[in-house]
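Structure first, then comments.
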Amino acid sequence: MRYQISGKQIDIGEALQTHVKEELGAAVQKYAERPTDANIIFSKSANEFVCEATVHLSTGLTAQAKAHAHEIYAAFDGCCEKMEKQLRRYKRRLKDHHRERAEPVELLGASSYILASDETEGDSEPESLQPIIVAEMESKIPSLSVGEAVMQMELAGAPVLVFRNEAKSGLNVVYRRDDGNIGWIDPQQ
């Protein structure tokens, strides 16, 4: 795992860097498979030290934690505990969902398009109502239960996930609402 340890207007010594690599490496390796890189930033806010850590995993998960303390080592230890707790919860959720599943997730192919933004000057009318396609990509739509779709969306940190509902064989959407809850769109067949 690659580490980027830095301080905002704080000198980070070699001993602290070694402590961070050992402790965070042990915590992440315990619950996550194939971590790719970690970014740890130390800063000072009034009389407290602040530690912010972000760990990227090869599965696409990005785990983040932040802690405050009067000592820099205590700030890191608090941050490391939060990171470990978050990774433990995700690992447990993954195990619970995969225990019920007898076969791997089926993926359907779909096209994904990026459309040009509509930047019309003043009151002028657009030449055509057809959007301009900037890029076309291949996407995969997983076949999941609603619970698995919500978990997958949260793990990916995505605001929305389109999936094929295993129970009804139709396309569904789950999304994060502005109030923090999860919305689910299940069209009538």
Anything in region 3-46 that is touching a Ser or Thr at 6+ places or on another chain (Cβ under 9 Å), charged (D, E, K, R) and modelled with pLDDT of 90 or more? List them, or say none.
Lys8
In region 67-115, which residues are of a type in the set (A, V, I, L, M, F, W, C), at pLDDT 80 or above and touching a strand residue (DSSP E or B) at 6+ places or on another chain (Cβ under 7 Å)?
Ala67, Ala69, Ile72, Ala75, Phe76, Cys79, Met83, Leu87, Ala110, Ile114, Leu115
Given the conditions (1) surrounded by fewer than 15 Cβ atoms within 10 Å (Cβ to Cβ); (2) charged (D, E, K, R); (3) more than 15 Å from Leu57 (Cα to Cα), which single one is not true for Lys30?
(3)
Being among the small types (Gly, Ala, Ser) and either surrounded by 15 or more Cβ atoms within 10 Å (Cβ to Cβ) or closer than 16 Å to Glu52 by Cα (or both) is the filter here; which residues of region 4-27 pass it?
Ser6, Gly7, Gly25, Ala27
On the given criteria, is Leu61 surrounded by 15 or more Cβ atoms within 10 Å (Cβ to Cβ), modelled with pLDDT under 75 and within 30 Å of Ile10 (Cβ to Cβ)?
yes
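The values are calculated or read from the model by the stated rules, or taken from the named source; none is laboratory data. Values in this document were obtained by computation on a predicted structure and should not be read as measured data. Positions of Cβ are generated from backbone atoms using ideal geometry, with glycine treated the same way; all protein chains shown enter the neighbour counts.
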